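Structure first, then comments.
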Amino acid sequence: MTREAFGVDIGGSGIKAARVDLTTGEFLAPRHRIATPKPATPQAVAGTVRELVEHFSWGGPVGITLPSVVTDQTAHSAANIDDSWVGVHVGALFEEALGGREVSVLNDADAAGIAECRFGDPRITDGPVIFLTLGTGIGSAFLLDGQLFPNTEIGHLQVGKKEAEHRASASAKERHEWSYPAWAKRLSRVLRSYEHLFHPRLFVIGGGVSKHAERWVPHLELDTPVVPASLKNSAGIVGAALAAAEGIKP
Ligand code: BGC
């Protein structure tokens, strides 16, 4: 029998959802995406999440990622989302929008990290590993033998005079039109400072850029090995679905 769950990944430009097969980590049907409403207020986003749930006629619990610190189902930061999220009890917000059903809300990078541990490269579950997702910002998940330490947010760590994510996110690469080698130099600086502070055994890197890892991984200069994530774009949704099925609420 298929163990099935439902995940929603809230991003700055799109909100994506899919039904997930929890035995394989694969989507049971193509994912569906709706553009993130503008402004992306909690009420507007909750309306989009409801639309996605209705699109799939899904009746069970729902896992939802947010690019924010989430503790006790409350959002505490808003680096790349609308400021009005700070302090919102997101558990209650989505539960109400979804007719009172069970929801689990967690940080987007934490969700992706959980998914990689379950369905990705087995090296991610061996010892201390830092999973990073490089997109608009830099998201992080700290993993020790596959167990998550949530809400680490090292994309906001100050590296020199700048925040890490302003230095080396994928959007910084795009904004400055850096080549892969030029960007890899900046990313090396950020990863070296992480290496220095946390001494992970491995970095696993997700986000769109992980599809072209062969173009930048060889240019990195650091001691810790770096591997691209295995799940590519699906990791957030899969992690959200796992959180829903297993009642993971950081
Ligand atoms: C946010 C994190 C998020 C990351 C990736 C950062 O700006 O602070 O919560 O995980 O972007 O979306």
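The values are calculated or read from the model by the stated rules, or taken from the named source; none is laboratory data. Fair warning: this is a prediction, and the values are worked out from it, not measured in the lab. Heads up, the Cβs are rebuilt from the backbone with ideal geometry, glycines too, and the neighbour counts pull from every protein chain shown. Ligands, DNA and RNA are excluded from the accessible area calculation, which covers all protein heavy atoms including side chains. Shrake-Rupley method; radii C 1.70, N 1.55, O 1.52, S 1.80 Å.
Ignoring lysines fewer than eight residues from Lys38 along the same chain, the ones with Cα atoms less than 24 angstrom from its Cα are Lys16. Ligands, DNA and RNA left out, the accessible area of the chain computed with a 1.4 Å probe is 50% carbon and sulfur. Taking all protein chains into account, the per residue accessible area for the stretch 122-228 stands at 50 Å² (1.4 Å probe). A convex hull fitted around the alpha carbon atoms of the chain yields 118 Å³ per residue. Relative to the longest principal axis of the Cα atoms of the chain, the long axis of helix 180-198 lies at roughly 80 degrees. The candidates Val86, Val209, Val217, arranged from most to least accessible area with a 1.4 Å probe in the full protein assembly, appear as Val86, Val217, Val209. Counting Lys and Arg as +1 and Asp and Glu as -1 over every other residue whose Cβ lies under 15 Å from the Cβ of Asn233, the net charge comes to +1.
For the stretch 130-223, the Cα-based Rg and Dmax, in that order, read 12.4, 37 Å.
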